[in-house]
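Note sheet for the following structure.
The values are calculated or read from the model by the stated rules, or taken from the named source; none is laboratory data. Here the structure is a predicted model, which is why all the values come from computation and not from measurement. Heads up, the Cβs are rebuilt from the backbone with ideal geometry, glycines too, and the neighbour counts pull from every protein chain shown.
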Amino acid sequence: MKILIAYDGSSSAAAAIEDLRRAGLPEQTEALIVCVADSRLIEHEPGRRTGEPGASWMSKLQAAEGLAEQAAARVSSYFPQWKVLVEGLWGPPAKIILDTAAWFHPDLIIAGSHGHSPVTRFVLGSTSLELVHKTPCSVRIARAPIFDAPDVARIVIGTDGSPEADAVIRSVASRAWPLGSEVRVVSAVQTLAPVQTSLEAYTYALEQAYSVIRQADESTRFRLESVAAESANALRRAGLSVRSEVLDGDPRDALLAEAYAMHADAIFVGARGLGRVERLLLGSVSSYVVSHARCSVEVVRARHD
């Protein structure tokens, strides 16, 4: 397996290194750690004229190389069997990481949820968000755990029966998880005609179209129950302890609630789902979970090399 680790020395990047130990990564892994000296910060140095090279660009590049070496030492201490490479580079971070991924061809990119920029400190970092949307491979956005980290992994997987969701199951099943690791496979039925009160239920029942909507919801539930059960069986064969659930409601809320309830280390989602909008864009479920989860989130893309 090949992974690219985006590192900038921030506490979020440090959390991404720690998160590696809960990601089920195999012994035969080649890791490239990339630390980018952000050229945009040099361009806006006080007193510097437009177009003039920043006087401190070389020192910042050297600092980036030093940070990459420090991260490599920590990774090697956790995974002595890995082949670990480092790159200190210069330029806009997201573009440089994407360019590096184009020649390195990683299976997975790992980044912290936030960077050094004070502008993005309180929301999902702009670099992390751009990686999630633009990389052709899977991306793991790492967060420091808010609960005590156990020796086993605790994972929530969102599935809707789409090919992208199937890729998530295959990805998780192929990893090297500690014995006793727990997985929750979660699907959600978001009814086409939500009913909040008995009066609404009576009113809807009088409409001829309501029976069609109910049948569609029931058909969706049956399909998701079958998908969740098949997914759970595939993960059990990989040695994981699995429970599957089909819940009512918004899948975004269902995934986040289940992850919090089981003190999950990570949520795994596909890059797209079967929704009307998700076919055209990065799935709205995936985007929402990446931005709002309190644990790490891995957005899985199947490779088509």
| Residue list for region 57-82, restricted to those being under 24 Å from the mean Cα position of the chain (by Cα) and free of Cβ contacts under 8 Å to residues at least 24 places away in the same chain | Ser76
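One residue is enough: does region 200-219 have a residue meeting the conditions touching a Gly at 6+ places or on another chain (Cβ under 7 Å), assigned to a helix (DSSP H, G or I) and at pLDDT 70 or above? I'd like the intermediate steps shown before the answer.
From region 200-219, those touching a Gly at 6+ places or on another chain (Cβ under 7 Å) are none; that's our starting set.
Within region 200-219, none of the residues are touching a Gly at 6+ places or on another chain (Cβ under 7 Å), assigned to a helix (DSSP H, G or I) and at pLDDT 70 or above.
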| field | Residue in region 146-156 that is more than 17 Å from the chain's Cα centre (by Cα), surrounded by 18 or more Cβ atoms within 10 Å (Cβ to Cβ), under 30 Å from Thr29 (Cβ atoms) and at pLDDT below 90 present | value | no
| How do the pairs read when you match residues in region 148-161 that are in the same structural domain as Arg184 (by TED's automatic domain parsing) and at positive phi with residues anywhere that are surrounded by fewer than 18 Cβ atoms within 10 Å (Cβ to Cβ) and assigned to a loop (DSSP other than H, G, I, E, B), using Cβ under 9 Å and keeping only pairs 6 or more apart or on different chains? | Gly161/Leu274
| query | Is there a residue in region 68-81 that is under 11 Å from Ile33 (Cα atoms) and part of a strand (DSSP E or B)? | reply | no
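Looking at region 252-289, which of its residues are at pLDDT 90 or above and part of a helix (DSSP H, G or I)? Please lay out each step first, then the result.
Filtering region 252-289 for residues at pLDDT 90 or above gives 252-270, 289.
Once the filter is applied, which keeps residues that are at pLDDT 90 or above and part of a helix (DSSP H, G or I), region 252-289 yields Arg252, Asp253, Ala254, Leu255, Leu256, Ala257, Glu258, Ala259, Tyr260, Ala261, Val289.
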| query | Do you know which residues across region 2-23 are more than 14 Å from the chain's Cα centre (by Cα) and assigned to a loop (DSSP other than H, G, I, E, B)? | reply | Tyr7, Asp8, Gly9, Ser10
